Amino acid sequence: MEGASLQDIFKSFANGKTEMESKQFSKLVKECKLIDKKFTNNDVDIVIAKVKVKGLKTITFGDFEKALDEIAKKKGTTKDNIVAAIQKHGAATYKGTKADYVKFHDDKSTYTGVYAKGGPTTVDAGRGGMVSDISQTCNRSKADVRGVVKK
């Protein structure tokens, strides 16, 4: 989305909304590499506080343009240079965390025991396989009072 309009870039960082939160503005400033010795992370918070309407937690596109003026003033450059840097970067990029490869978890050939061979099943009942429940170990045929099975 390089070369996109400033408003499109604003919306991409604001997740398609018309207002941007301070953390989204901070992400924009960091991704566009506007942070340096003249303009620090603390200055980002100061600029947001200066341009947003009191009581609100978000800024509109108009407030965003005022913030760009403040950034340019703080960095000692023009607003056009700041806008050019933002447009050069383009839309927001989101990256998730990728899990590391763990040999004994991810490689199924290293599994042992029940994980490799499987556990008992009810399908094996009566075939001389594994005992899956108590009915296979108990004799339920008729018996007398003393427990002797009648034949």
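The values are calculated or read from the model by the stated rules, or taken from the named source; none is laboratory data. Source: prediction; values computed, not measured. Reconstructed Cβ throughout: ideal geometry from the backbone, glycine too, with neighbour counts over all protein chains shown.
Here are the numbers:
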| quantity | calculated |
| --- | --- |
| Failed criterion for Asp80 (all others in (1) modelled with pLDDT of 85 or more; (2) surrounded by 11 or more Cβ atoms within 10 Å (Cβ to Cβ) hold) | (2) |
| Every residue from the range 88-142 that is over 30 Å from Met20 (Cα atoms), surrounded by 10 or more Cβ atoms within 10 Å (Cβ to Cβ) and modelled with pLDDT of 70 or more | His105, Asp106, Asp107, Thr110, Tyr111, Tyr115, Ala116 |
| Failed item in (1) of a type outside the set (A, V, I, L, M, F, W, C); (2) surrounded by 10 or more Cβ atoms within 10 Å (Cβ to Cβ); (3) modelled with pLDDT under 85, with Thr58 passing the rest | (3) |
| Selection from the range 33-54 of residues that are crowded, with 18+ Cβ neighbours inside 10 Å and either aliphatic (A, V, I, L, M) or closer than 11 Å to Ala92 by Cα (or both) | Leu34, Val44, Val47, Ile48, Val51 |
| Check on Gly16, in a loop (DSSP other than H, G, I, E, B) and either touching a Leu at 6+ places or on another chain (Cβ under 8 Å) or closer than 19 Å to Tyr94 by Cβ (or both) | yes |
| Top-ranked residue of the range 55-75 - restricted to ones that are of a type in the set (Gly, Ala, Ser) and free of Cβ contacts under 8 Å to residues at least 12 places away in the same chain, ranked as nearest to His89 (Cα to Cα) | Ala72 |
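Conditions tested, residue by residue: (1) closer than 14 Å to Val29 by Cβ; (2) under 24 Å from the mean Cα position of the chain (by Cα).
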| residue | (1), (2) |
| --- | --- |
| Lys57 | no, yes |
| Thr60 | no, no |
| Leu68 | yes, no |
| Lys98 | no, yes |
| Val102 | no, yes |
| Lys108 | no, no |
